[in-house]
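The values are calculated or read from the model by the stated rules, or taken from the named source; none is laboratory data. Predicted, not measured: the structure shown is a model, and the values here were computed from it. Methodologically, a virtual Cβ is constructed for each residue, glycine included, from the backbone with ideal geometry; neighbour enumeration extends over all protein chains shown.
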């Protein structure tokens, strides 16, 4: 179970992740996108889910990632991601509830370039009972 | 015409096990429920299922093609209501359509519908596009 003290808190993740053009190209190729001057809108999931996983799986927070299914996902893109961009990452546990034994956690992930947020995404994760 | 209620023509994408492997490699999501049938069945799934985020990426391609590029999308969200089931050696469809639901000075909002094998797989799927 999630440690209730973690709800509402923001956790700092990697402080310098650089997106390479080849990562964007590979992601775009899967969906048939040939214009990779900016990344496809969902590309950032590659960074944010891994960051959320490493933060939320920490024993002090206690989410059982092996039982996680993705409930919903939302992106707000303030500045589209380009190859060579460098970001710092943070994750905030925005809400938590238990329904029928399943834990339902909404995590917001921010990618920041300096002090400006380039992209925020919200993942609702369901930890199956 | 960009007006509320206007429909954006339907388009079909093909999903198969090869695409799931390619998406797993490109996204870093190597969860075995998207690649290994035995494992998927062992956790109570009907078969291997597509990554919800692959479905969302393909629907996103529908959005960006209509919008005129990835840089136009400022908001994109969806709920995963049913899995896209991908049996071995089979091409399954992801059929996407949309309706314009709001227009203002700076942006257009579209409501998206996505089905596979006739089953609705995304709920409350919406994108906002810069004009």
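Conditions (1) in contact with a helix residue (DSSP H, G or I) (Cβ under 7 Å, 6 or more places away or on another chain); (2) within 26 Å of residue B:112 (Cα to Cα), marked per residue:
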| residue | (1), (2) |
| --- | --- |
| A:42 | yes, yes |
| A:51 | no, no |
| A:60 | no, no |
| A:63 | yes, no |
| A:89 | yes, no |
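For the stretch A:25-38, the set of residues classified as under 11 Å from residue B:61 (Cα atoms), at the interface with chain B (Cβ under 7 Å from one of its Cβ atoms) and crowded, with 20+ Cβ neighbours inside 10 Å consists of A:30, A:31, A:33, listed by residue number.
Condition check: in contact (Cβ under 8 Å) with a residue 40 or more places away in the chain, away from chain B (no Cβ under 11 Å), closer than 20 Å to residue B:80 by Cβ and in a strand (DSSP E or B). Does residue A:107 satisfy that? Here the answer is yes, as residue A:107 does meet what is asked. Comparison of A:63, A:49 shows that the only residue that is at pLDDT below 95, buried (at least 18 other Cβ atoms within 10 Å of the Cβ) and either more than 13 Å from the chain's Cα centre (by Cα) or not in a helix (DSSP H, G or I) (or both) is A:63. Assess whether residue A:43 counts as being touching a residue at least 12 places away in the same chain (Cβ under 8 Å) and either more than 11 Å from chain B (Cβ to nearest Cβ) or assigned to a helix (DSSP H, G or I) (or both). Spelling it out, it is not the case that residue A:43 is touching a residue at least 12 places away in the same chain (Cβ under 8 Å) and either more than 11 Å from chain B (Cβ to nearest Cβ) or assigned to a helix (DSSP H, G or I) (or both). Only residues that are buried (at least 18 other Cβ atoms within 10 Å of the Cβ) and more than 10 Å from chain A (Cβ to nearest Cβ) were counted across the stretch B:67-87, and they come to 3. Scanning the stretch B:99-118 for residues that are surrounded by 12 or more Cβ atoms within 10 Å (Cβ to Cβ) and closer than 30 Å to residue B:40 by Cβ yields B:112, B:113, B:114, B:115, B:116, B:117.
Residue B:64 meets the conditions (1) farther than 21 Å from residue A:122 by Cβ; (2) without any contact (Cβ under 8 Å) to a residue 12 or more places away in the chain in every case but one. The failed one is (1).
None of B:41, B:54, B:19 is touching a helix residue (DSSP H, G or I) at 6+ places or on another chain (Cβ under 6 Å) and either outside any strand (DSSP E or B) or more than 9 Å from chain A (Cβ to nearest Cβ) (or both) except B:54. For the stretch A:12-24, the criterion of a residue being surrounded by 14 or more Cβ atoms within 10 Å (Cβ to Cβ), out of contact with any helix residue (DSSP H, G or I) (no Cβ under 8 Å at 6 or more places or on another chain) and within 13 Å of chain B (Cβ to nearest Cβ) is satisfied by at least one position.
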